[in-house]
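Just so you know, all these numbers are worked out from the coordinates, no wet-lab data involved. Everything numeric here is computed off the predicted structure, so don't read it as measured data. Here the Cβ positions follow ideal geometry from the backbone for every residue, glycine too, while neighbour counts run over all protein chains shown.
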Amino acid sequence: MKPYAIQQIGLEDYPKCSAIWNMQTCPYTQLFIDQIKAGNRDVFILTVDGAYIAACDLVYDNPEYGTIPGRRLYFSRLIVKKGERGNGYGEALSRALLDIAKEKGYSEIALGVDRDNTAAVRLYQKLGFTVYEEAEDADGKFYRMERLL
């Protein structure tokens with residue numbers, strides 16, 4: 001793994017995440033932008049030599065995501081750029097966000113992951129997340145996972 005940096009970005013830099021995932025075709029991009037504007041979603045990126053390699057968000061208040069104000073937040077959209085997967089960047093960014101969530105005073109964190117995304121499920125289990133529910137929505141079947149911080 002090459003040396004990397006992790007930082008929070010604001011709305012002005014959010015479009016640069018297109019280097020990691022296709023924001024123009026994602027049906028949730030506007031929702032994420034609205035949540036960032038409302039102060040309810042913080043975006044963190046991992047860069048290597050200034051290039052965006054991975055992104056992940058923390059969502060603070062969304063009951064649909066299982067958040068509990070001041071206690072449980074939501075770990076959202078860990079995405080590592082194709083071609084960079086399997087190098088440890090996703091784990092590094094995840095560990096950093098778990099630390100940030102704890103520093104912010106949260107004691108629990110939850111996430112949702114597609115059941116067929118075995119690499120992500122393994123990573124989250126390695127990080128101490130456990131499945132507390134199997135669910136299905138318009139996007140398919142997924143696990144709801146959580147862990148204490």
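Listed by first and then second residue, the pairs with beta-carbon distance under 7 Å, at least 6 apart or on different chains, first residue in segment 112-137 and within 15 Å of Ser76 (Cβ to Cβ) and in contact (Cβ under 8 Å) with a residue 24 or more places away in the chain, second in a helix (DSSP H, G or I) and among the β-branched types (Val, Ile, Thr), are Val113/Val121.
Among the residues of segment 122-138, those that are out of contact with any strand residue (DSSP E or B) (no Cβ under 9 Å at 6 or more places or on another chain) and part of a helix (DSSP H, G or I) comprise Arg122, Lys126. When Ser18 is tested against (1) farther than 23 Å from Asn62 by Cα; (2) of a type outside the set (Phe, Trp, Tyr); (3) in contact with a strand residue (DSSP E or B) (Cβ under 7 Å, 6 or more places away or on another chain), just one condition goes unmet, and that condition is (3). Annotation note: Cβ proximity below 6 Å between a residue of segment 1-22 that is touching a residue at least 12 places away in the same chain (Cβ under 8 Å) and a residue that is surrounded by 11 or more Cβ atoms within 10 Å (Cβ to Cβ) and aromatic (Phe, Trp, Tyr) (sequence gap 6+ or interchain) occurs for Gln8/Phe44; Lys16/Tyr52; Ala19/Tyr52; Ile20/Tyr52. One residue alone among Ala110, Ala101, Ala96, Ala138 is among the aliphatic types (A, V, I, L, M), out of contact with any Pro (no Cβ under 9 Å at 6 or more places or on another chain) and surrounded by fewer than 12 Cβ atoms within 10 Å (Cβ to Cβ), and that residue is Ala138.
Of the residues making up segment 84-107, at least one is closer than 15 Å to Asp42 by Cβ, touching a Lys or Arg at 6+ places or on another chain (Cβ under 9 Å) and of a type in the set (A, V, I, L, M, F, W, C).
Suppose the filter is closer than 30 Å to Glu133 by Cβ and touching a Gly at 6+ places or on another chain (Cβ under 9 Å); does Val43 pass it? Yes, satisfied.
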